[in-house]
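Undergrad: The structure that follows is given in the form of structure tokens.
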Amino acid sequence: MFKLLKKFSARVFGGLFRKRESLKIGFYGPPNGGKTTLANRICKDWTGEEIGTVSGVPHETRKVQIKEKVEIDYKGKILTFKMIDTPGIATKIDYENFLKFGMKKRNAKKRAKEATQGIIEAIQWLDDMDAVIVVLDSTQNPYSQVNITIIGNLVARKIPVLVVGNKIDLKKADVKKIVNAFPEYDVVGISAKEGKRMDDFYESLFALSKKV
């Protein structure tokens, strides 16, 4: 009987462990909200390596970036997941916007094309997500067409969501606006760049994982 119980326990808990390891969490949001900055912060905290590069130019991330195994050991709790950092979602990409950053026309057109392809790839990945972290710039108006479109797609797919109000280190930051815009979701305010309130973020991340 003891051997049978032992085998049963190993099967049950082993299954739970495998489920956690296969958890796929996507980082979504508009351009320059801080998705990759947050992904880098998490990866550096727990793996010692960054996942991608960041810059002040929109659509720096133009391809889906994947970190196969990120293990977070926080306050005695362990969460292992596959991190998917996606390109910024936009309703329209005009190459002329990149010219303002001193980019040559040829490079600007190339960037716009790659960014458009990246958005398509990001949307295709949605169907494979177990949970999504929507990263928003807390200095910007949350009632944008892009944000509503992203949230609408997640609602339609019934994907668990955590909304992050990033850049609270900036004077114009207002996380309350994000809370008011999306009252049905958990919202946490952080500064991924400065590492502020990351404890709150990790608590919310573990809570998100339980909804899967």
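We did not get these values from a lab; they are worked out from the coordinates using the rules stated. From a predicted model like this one, the values you see are computed outputs, not experimental measurements. Note that each Cβ is placed from the backbone with ideal geometry, even for glycine, and that neighbours are counted across all protein chains shown.
Undergrad: Name the GluC sites (Glu not before Pro) in the range 110-212 that are in a loop by DSSP and that have at most 16 other C-beta atoms within 10 Å, would you?
TA: Taking the range 110-212 and a limit of 16 other Cβ atoms within 10 Å, the loop GluC sites (Glu not before Pro) found are 184, 194.
Undergrad: Continuing with this model, one more query. Would you mind estimating how fast the chain diffuses translationally, via Stokes-Einstein at 10 °C and 1.306 mPa s with the Kirkwood radius over Cα pairs, in µm²/s?
TA: On the way: Rh = 18.1 Å.
Answer from the Stokes-Einstein relation: 88 µm²/s.
Undergrad: How many percent of DSSP beta bridges within the chain run antiparallel, rounded to 5?
TA: Of all bridge pairs located within the chain, approximately 35 percent are antiparallel.
Undergrad: Take the alpha carbon gyration tensor of the range 41-113, find the square roots of its eigenvalues, order them as a ≥ b ≥ c, and report rounded if a/c is under 1.5; if not, report prolate when a/b exceeds b/c, else oblate.
TA: Since a/c reaches 1.5 and a/b is larger than b/c, the shape of the range 41-113 is classed as prolate.
Undergrad: ³J(HN,Hα) across the range 152-164 via Karplus (A = 6.51, B = -1.76, C = 1.60, θ = phi - 60°), whole Hz, x for Gly/Pro?
TA: x, 5, 5, 4, 4, 8, 6, 8, x, 10, 10, 9, 10
Undergrad: Right, next: Suppose we flag trypsin sites (Lys or Arg not before Pro) only when DSSP calls them loop and at most 13 other Cβ atoms lie within 10 Å. Which is the longest uninterrupted stretch of the chain? Please list the in-between numbers first.
TA: On the way: sites that count: 75, 92, 100, 104, 158, 171, 172, 210, 211.
Counting only loop sites that pass the neighbour cut-off, the longest clear stretch is 1-74.
Undergrad: Using only C-alpha positions, report the orientation-averaged shadow area of the convex hull of the range 60-182, nm², one decimal.
TA: 9.4
Undergrad: Along the Cα-to-Cβ line of residue 94, 7 Å from the Cα, sits a label point; which residues in the range 115-155 have backbone N less than 15 Å from it?
TA: In the range 115-155, the label zone of residue 94 (backbone N under 15 Å from the point 7 Å along Cα→Cβ) covers no residue.
Undergrad: Report, in listed order, any pair from 92/158; 67/193; 35/104; 113/176 with a Cα-Cα distance greater than 31 Å.
TA: 113/176
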